[in-house]
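What follows draws every value from the coordinates through simple rules; no lab data is involved. Not measured: the values here are computed from a predicted model.
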Amino acid sequence: MNGQTLKTVRALVARSQPHPIIVIQCDHGTEESLNPPLSATAVPTIEQARERFRTFGANYLPGRGAVAILESTSLVNVLRHVFSYYCDAHLPPVANTKLYSYQLPYAMTELDDDFRVAPQEQVRTSVGRRSSSGAAAAAAPR
C-alpha cells in the first residue's frame, strides 16, 4: 500500500498542471504495541495516549502553502490551513484538543498536552457537545 500511494503521488505531481494539492492523513495512531484500557471507565496510561495520538500526515502543498504548517500543527487544522491558503476560506485554527475514547466509541475523555486526563475533563459525544453533569449528551440527528 505504501508503494502504491507513493507511485500515485509521484504520477499526480508529474502529470498535473497546475501542481496538485495532496493531503494524506490518518485519524489516529496505532494500538499496535499497547493494549487499550480494559473498561469504559479506565484511564489510559501516558504511553497508550501518546501512541494513539501519533498520527500520520503527508502533504504536498505547492507554492508557499506549507510555510505556515508547523510540526506541532494537529491534523484537525491542516485542512483549515489548506482551504484558507488556497481557497481564501478564512478558517482560523481551532484548539488542538486531544480526545481519547476507551471501549465506548463516543464517550471521549479530554487529555492535556502531557497526555494526562485533563483536570476538568468531561465526557463528550462525537459531535463535541457537553452536558452540565458531565454525562454524554445525546447526539441529535441531522
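Phi-derived couplings, Karplus 6.51 cos²θ - 1.76 cosθ + 1.60 at θ = phi - 60°, listed residue by residue for segment 60-69: 10, 10, x, x, 9, x, 8, 4, 8, 8 Hz, with x used for Gly and Pro. For residue 98, the amide hydrogen comes within under 5 Å of the amide hydrogens of 111, counting only partners 5 or more places away or on other chains and with H modelled in the peptide plane. Around the amide H of residue 108, modelled in the peptide plane, lie the amide H atoms of 124, all under 5 Å away and 5 or more residues distant in sequence or on another chain.
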